[in-house]
Amino acid sequence: MSTKELVNEMEYSVGIDIGGTKIAAGIVNKSGNIVFRRSAPTPQSSRNEVLDLLDDMIQACFHYANHNGSLPLKGIGIGTAGQIDFHQGRVLSGTANIADWNDVALRDEISKITSLPVWVDNDVNVIALAEHYLGAAQAESNILFLALGTGVGGGIISEGRLIHGAWGSAGELGHLSVNMDGPECKCGFRGCLETYASGTGIANRMREKLSELHVRQDPEPEHITSQLVFQLMKSGDKIAGQVVEEMIHALSYAIVSLIHIFNPTMIVLGGGVVEDGEWIRLSVEKQVHAIGLRSMVHPVQIQLAKLGPNAGIIGAAYQSWIY
Ligand SMILES: [Zn+2]
């Protein structure tokens, strides 16, 4: 182990990942190792319950740090779903998946219980940081991260810096429209990438096509998921095949537009939709390399995210080392 790595191993930070179903917190070192971890279901009634749970988890982290050789903690980093005012550490508009998670002065609330510095950012932005510093894009300074899950989230790292925009909401790449006559998105726009390439979008497209064609009642509309659509496509189902083709098309067009804007060297795809998604990566890479300005699109690598389900905690904690 080099001296640099030894130093890194001795620096620790608390990372907290606030999602719609689960909240996870941990103590992370600069090499991305999680030495202590806690998680619990996201409380569903009020913000105060969420804040109380965060308090409990932070106290558990402090307790562990104090009783294990007084680990020096550099700060507390939080990644949460929603639109975040990064400078104020405030959740402006949260997500329908967390009750009452709107206009929450999260950094101020956490600062009431600790004197450590606190950072709050969007959950996908911090995963982009984790993949940039420790995951699929370590050698790259210009990357775009797309998280294909229930929705589509994005993170932009340009010239080595995560791009926040005026107050923190840059990188909502899921709401890049790829079709102005396309399906209506919950954001109010039309033909957003999210309506074609999120788990929800893929399942909705399959339901719509089945109901337009009145061909069959199998599978039952409520049982359709993106993974089921992929299975049907692989077993030769034509309608599922069209939905998947549309998804690959939408992703490729969105990525090419993003390449034209940001001139990245790598696109990282993460999230549940691309679990076992090497075939998606290959199809998108092939299409991206075939359309758009050749000098820009051809050198861009498409990679799958590497860090898995703990990327949110690791990236949240990483804020302590970069700001
Ligand atoms: Zn949208």
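Every number in this text was worked out from the coordinates using simple rules, so none of it is lab data. Being a predicted model, the structure only gives us computed values, none of them experimental. Reconstructed Cβ throughout: ideal geometry from the backbone, glycine too, with neighbour counts over all protein chains shown.
Phi-derived couplings, Karplus 6.51 cos²θ - 1.76 cosθ + 1.60 at θ = phi - 60°, listed residue by residue for the range 126-131: 6, 5, 4, 4, 4, 5 Hz, with x used for Gly and Pro.
Amide H contacts of TYR12 (H built 1.01 Å from N, in plane; Pro and chain starts excluded): LYS74 sit under 5 Å, all sequence-distant by 5 or more or on other chains. Each helix, a run of at least 4 DSSP H residues, gives -39500 (n - 2.57); summed and divided by the residues of the chain, these come to -12000 deg cm²/dmol at 222 nm. Annotation: amide H of GLY82 within the under-5 Å range of ASP123, sequence separation 5 or more or interchain, hydrogens built in the peptide plane. The stretch between LEU116 and ASP103, if pulled fully straight at 0.36 nm per residue, gains 2.4 nm over its current Cα-Cα span. Applying 0.36 nm per residue to the separation of ILE163 and HIS67 and subtracting their alpha-carbon distance, the gain on full extension is 30.8 nm. Backbone N atoms of the range 27-57 closer than 13 Å to the 7 Å Cα→Cβ label point of LYS306 belong to residues 32. Judged by the mean number of other Cβ atoms found within 10 Å, the most tightly packed of the peptides 141-147, 37-43 leads the ranking 141-147, 37-43. Using r as the Cβ-Cβ distance of GLU11 and GLN88, and R0 as 30 Å, what FRET efficiency do you calculate, to the nearest 0.05? In this case the efficiency is close to 0.70.
Between HIS289, HIS63, HIS298, the Gaussian network model of the chain with springs among Cα atoms under 10 angstrom shows the greatest mean-square fluctuation at HIS63.
Computed from the C-beta positions of ALA290 and THR21, the FRET efficiency with R₀ = 45 Å rounds to 0.75. Shape verdict for the chain, please, from the Cα gyration tensor: rounded (a/c under 1.5), prolate (a/b greater than b/c) or oblate. Note, shape of the chain comes out prolate.
Here the relative contact order of the chain, from alpha carbon pairs under 8 Å that lie six or more residues apart, stands at 20 percent. 3J(HN,Hα) along the range 202-211: 5, 5, 5, 4, 5, 4, 4, 5, 5, 6 Hz, from the Karplus curve 6.51 cos²θ - 1.76 cosθ + 1.60 with θ = phi - 60°, whole Hz, x for Gly and Pro. Full extension of the chain segment joining GLU275 with GLU222 gains 16.9 nm, where the gain is 0.36 nm per residue of separation less the Cα-Cα distance.
Taking the chain as a Gaussian network, where each spring joins two C-alpha atoms under 10 Å apart, which residue of ILE202, ILE163, ILE313 fluctuates the most? Fluctuation is largest for ILE163.
Each peptide among 118-131, 166-179 gets the average number of other Cβ atoms lying within 10 Å of its residues, and from highest to lowest they stand as 118-131, 166-179.
GLY19's amide H: which non-local residues (gap 5+, or another chain) put their own amide H closer than 5 Å, with H modeled 1.01 Å from N in plane and none for Pro or chain starts? Answer set, sorted by chain and number: ALA24. The phi-based Karplus calculation (6.51 cos²θ - 1.76 cosθ + 1.60; θ = phi - 60°) puts the 3J(HN,Hα) values of the range 253-261 at 5, 4, 5, 5, 4, 5, 5, 4, 7 Hz, whole numbers, x for Gly and Pro.
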